[in-house]
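Heads up, the thing below is written out as structure tokens.
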Amino acid sequence: MRVVIQRVREASVEINKEEVGRIGNGLVVLLGVAKGDSLSDIEYLAEKICNLRIFEDEEGKLNLSLLDKEGDLLVISEFTLLGNTRKGRRPGFDDASHPDEARKLYESFVTVLRDKGIKVKTGEFGSKMLVKMYNDGPVTFIIDSR
């Protein structure tokens with residue numbers, strides 16, 4: 001699994017011009033599911049995202065986690081994170097999981113985060129979405145579970 005996480009002041013996601021999710025201070029998580037990913041990848045990433053100290057404390061240092069800040073999450077499925085751009089001009093997606101398997105793991109990822117007490121909003125798996133966000137910092141990280 002590969003994620004891009006961005007610290008945001010607010011974010012939202014629309015499908016067909018209808019807002020389906022909105023958060024305030026927190027993180028946007030773009031999630032790509034790769035072939036061979038499993039529950040251990042989900043657990044690793046969920047733990048990392050919840051506890052990564054990427055929010056500023058009162059001294060302006062990155063010392064606080066999402067759990068410390070009681071921040072929100074907006075989780076968006078994004079298979080293009082698994083795109084291979086090494087050859088040619090058209091990305092290849094051979095490393096991306098089959099959509100049926102990816103959907104199950106995406107849903108499990110969201111469930112695990114909610115079970116940790118995080119307020120999670122989502123887009124809709126497989127839909128064309130418009131994601132709006134105000135990146136705070138900017139603070140952006142790429143994390144791969146492998």
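The values are calculated or read from the model by the stated rules, or taken from the named source; none is laboratory data. A quick note: this is a predicted structure, and the numbers were derived from the prediction, not measured. Neighbour counts run over all protein chains shown; Cβ positions are idealised from the backbone, glycine included. Just so you know, the surface numbers come from the protein's heavy atoms only, side chains and all, with ligands and any DNA or RNA stripped out. Shrake-Rupley method; radii C 1.70, N 1.55, O 1.52, S 1.80 Å.
Each helix, a run of at least 4 DSSP H residues, gives -39500 (n - 2.57); summed and divided by the residues of the chain, these come to -7000 deg cm²/dmol at 222 nm. Here the relative contact order of region 20-90, from alpha carbon pairs under 8 Å that lie six or more residues apart, stands at 44 percent.
Note on the chain: Lys pairs 8 or more places apart or on different chains, Cα atoms under 18 Å apart, count 13. Take region 38-146 with all the other protein chains still there, run a 1.4 Å probe, and you get 65 Å² of accessible area per residue. Report note on the peptides 69-75, 32-38: ranked by the mean count of other C-beta atoms within 10 Å, highest first, their order is 69-75, 32-38. In the set (i) 0.92; (ii) 1.08; (iii) 0.97, the label that goes with Rg/Rh (Cα atoms, Kirkwood Rh) computed for this structure is (iii). Descending by average beta-carbon neighbour count within 10 Å, the peptides 130-143, 3-16 line up as 3-16, 130-143, the highest first. Here region 44-70 is scanned for amide nitrogen atoms under 18 Å from the site 7 Å beyond the Cα of residue 108 along Cα-to-Cβ, giving 44-49.
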